[in-house]
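Asks: Encoded as structure tokens, here's the structure I'll be asking about.
The values are calculated or read from the model by the stated rules, or taken from the named source; none is laboratory data. Note that the structure is predicted; figures quoted are calculated from it, not measured. No Cβ is skipped: glycine too gets one built from the backbone with ideal geometry, and neighbour counts run over all protein chains shown. Ligands, DNA and RNA are stripped out before the accessible areas are found, and what is left, the full protein with its side chains, is counted by its heavy atoms. Shrake-Rupley method; radii C 1.70, N 1.55, O 1.52, S 1.80 Å.
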Amino acid sequence: GLELSHCVGANSLGPTVPWRPGGPCKMKRVRTVFKPEQLERLEQEFLKQQYMVGTERVDLAATLHLTETQVKVWFQNRRIKWRKQSMEQKAAKLSQFGVLQPATADSTDAKDHEEDTVDVEL
């Protein structure tokens, strides 16, 4: 589930302090750790379709005992990983034929990347 950790005081080496409404620090969300069975099922569904929406996402979340948001964010992050792998494979093939790729920090189209850049839950 969604857990929140204590926030750290101004000195990051100092003790943690409990969260206070309107306090100086923000809550940090604890990263979701998926069970191997959940990851296997999520990967199976991703192989079928890269976008999971609507009732399919609700049903999958219920089946895996996850929130709909966790499933949505997993799919967003998995698409980013998939695009990155695709670009690396394409670059490797081109380099085999002596074709040089222009060096860019992120060669994916900004429009495609727009909805997939968030990896936190709300």
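Asks: If you go through the range 44-65 one residue at a time, how many are touching a residue at least 24 places away in the same chain (Cβ under 8 Å) and closer than 19 Å to Ile80 by Cβ?
Replies: Here the count works out to 3.
Asks: Being closer than 14 Å to Gln50 by Cβ and not hydrophobic (A, V, I, L, M, F, W, C) is the filter; apply it to the range 78-92 and report the residue that is nearest to the chain's Cα centre (by Cα).
Replies: Step one: of the range 78-92, the residues closer than 14 Å to Gln50 by Cβ are 78-86.
In the following step, the residues that additionally are not hydrophobic (A, V, I, L, M, F, W, C) were identified as 78-79, 81, 83-86.
Working: Arg78: 7, Arg79: 9, Lys81: 9, Arg83: 13, Lys84: 13, Gln85: 15, Ser86: 17 Å.
Once the filter is applied, the top-ranked residue is Arg78.
Asks: Report, by residue number, each residue of the range 66-76 that is touching a residue at least 12 places away in the same chain (Cβ under 8 Å) and open to solvent by 60 Å² or more (accessible area, probe 1.4 Å).
Replies: Looking only at the range 66-76, we keep the residues that are touching a residue at least 12 places away in the same chain (Cβ under 8 Å), and these are 66-67, 69-76.
If the condition is that a residue be touching a residue at least 12 places away in the same chain (Cβ under 8 Å) and open to solvent by 60 Å² or more (accessible area, probe 1.4 Å), then Thr67, Lys72 are the ones that fit.
Asks: Scan the range 77-90 and report the pairs whose first residue is closer than 20 Å to Arg31 by Cβ and whose second residue is surrounded by 13 or more Cβ atoms within 10 Å (Cβ to Cβ) and of a type in the set (A, V, I, L, M), with Cβ atoms within less than 9 Å and a gap of 6+ or a chain change.
Replies: Short answer, once both residue conditions are applied: Arg78/Leu42.
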